[in-house]
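One structure below.
The values are calculated or read from the model by the stated rules, or taken from the named source; none is laboratory data. Computed from a prediction, not measured in an experiment: that's the story for all the values here. Neighbour counts are summed over all protein chains in view; Cβ atoms, including those assigned to glycine, are modelled from backbone coordinates with ideal geometry.
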Amino acid sequence: MQWSLYLLILMGQCCFFTCRLYEYHFIAENKSWSEAQRYCREKYTDLAKVFDMTDMSRLRNSTQNQGEAWIGLNNNTGGNRTWHWSLPGVEYIQNDSSWNLSGRASWEPYPGNCGRKRYDQGDKKLADVSCDTGLWFICYDEMKKDKKTFYLIKEKKNWTQAQSYCRYNYTDLASGLDQVDGEEMKDLINSNGGSMSVWIGLFRDSWRWSDGSDFSFRYWDMELFNDTQSNKTCAMTLLNRSGKWSSDECDKEKPFFCYDDKLILINVNKTWEEALDYCRKNYSDLVSITNPQEQGWVQDKAKNASSPFVWLGLRYSSTLGLWFWVNDQLVCYEKWSKNGTTEECDVAVGMQSGGQHEWFSQRKNETYNFFCLK
């Protein structure tokens, strides 16, 4: 009876507990973008970066200001464009065999900055076409409404319109090769004739975050933003337009947002118990991950690790037959690799430092880098 009550209390924590891995701070002083960057790096961590719409809500809620404010996105790369997946947390990994640039249809405009996928018997590869092209598109729904993950939308829209539609009605455009080449996607295509060209969540741009992270989320106000304006290379959020983004000349003075990171990557290999002890002595605890936003924030830093895995604060209790975080919270969110879970004594969780940053059961006496929470 006591254990049952204890577990019910713990399960309830999934709804109410939120671990803040980072905080936003609105600075109501007018500064140029570079001055704002310097201020944020001195006082906090850096100019604000944004992982997804949840972050945008947090950013907007951190101030009552309704004007313009700098964020940490800039276009000072000399036009060097990089591919991204639209869905936050899905990392683009170059795979030349996934592309067929010579197989572009005759009606498709000259190569552009958005990716479409052709499904037919002879060509199932990607091509870059103009983002203004009107195509059907495929939405991804992480909540699996109607027990479906993917939805084919038979309306011709340009890429930005398709992305907005999917984010409003579902989660995002289908993103990542695991999604666009998966069995469920094949079934969807075959059930709708088996041959078509559709938008997926692939785009490229030359915008980069101030701290060097690869976050792919973009929230441009397409009525005001023009990516060809070479003199407007610093991004701002328009708080009076739902927080959407535009760009301006970097020497203009505006208020700005900083972020303060609570996550520390320790580039020293330790066993899980040693890592736990180190974090509790020097900071707060080993990190817990409770939602996709936190997973994205952690995996962005995991790429800097010097070990193949990084320890998280998740371990298995053979007594209860359950996984627990170090704060005794049950697992509300998970990113296990397929067949990556081993439920036995003396195992904890290591996140891949590369690839898709999935979770694997690891013996606690293995030695890896780890994440502490301030």
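Values computed for the structure shown
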item: Members of the stretch 331-374 that are modelled with pLDDT under 90, more than 25 Å from ASP178 (Cβ to Cβ) and under 23 Å from the mean Cα position of the chain (by Cα); result: none
item: Selected residue (only one of MET236, MET222 is at pLDDT below 95 and out of contact with any Gly (no Cβ under 8 Å at 6 or more places or on another chain)); result: MET222
item: The stretch 353-371: number of residues that are in a strand (DSSP E or B), touching a Gly at 6+ places or on another chain (Cβ under 9 Å) and either farther than 12 Å from SER307 by Cα or not hydroxyl-bearing (Ser, Thr, Tyr) (or both); result: 6
item: Hits in the stretch 39-56 - residues which are of a type in the set (Ser, Thr, Tyr) and either free of Cβ contacts under 8 Å to residues at least 12 places away in the same chain or more than 26 Å from GLU91 (Cα to Cα) (or both); result: TYR39, TYR44
item: Selection status of TYR259, within 18 Å of the chain's Cα centre (by Cα) and within 25 Å of ASP132 (Cα to Cα); result: no
item: Residues (surrounded by fewer than 16 Cβ atoms within 10 Å (Cβ to Cβ) and in contact (Cβ under 8 Å) with a residue 40 or more places away in the chain) located in the stretch 256-282; result: ASN267, VAL268, GLU273, ASN282
item: Of residues in the stretch 169-219 being assigned to a strand (DSSP E or B) and among the aromatic types (Phe, Trp, Tyr), the one farthest from LYS303 (Cα to Cα); result: TRP199
item: Residue count for the stretch 68-86, restricted to those that are modelled with pLDDT of 95 or more and small (Gly, Ala, Ser); result: 3
item: So VAL287, is it of a type outside the set (Gly, Ala, Ser), buried (at least 18 other Cβ atoms within 10 Å of the Cβ), touching a helix residue (DSSP H, G or I) at 6+ places or on another chain (Cβ under 9 Å) and more than 29 Å from GLY176 (Cα to Cα); result: no
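Rundown of residues vs (1) surrounded by fewer than 17 Cβ atoms within 10 Å (Cβ to Cβ); (2) modelled with pLDDT of 95 or more, yes/no style:
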residue	(1), (2)
LYS148	yes, no
ILE153	no, yes
ALA162	no, yes
ASN190	yes, no
GLY194	yes, no
SER197	no, no
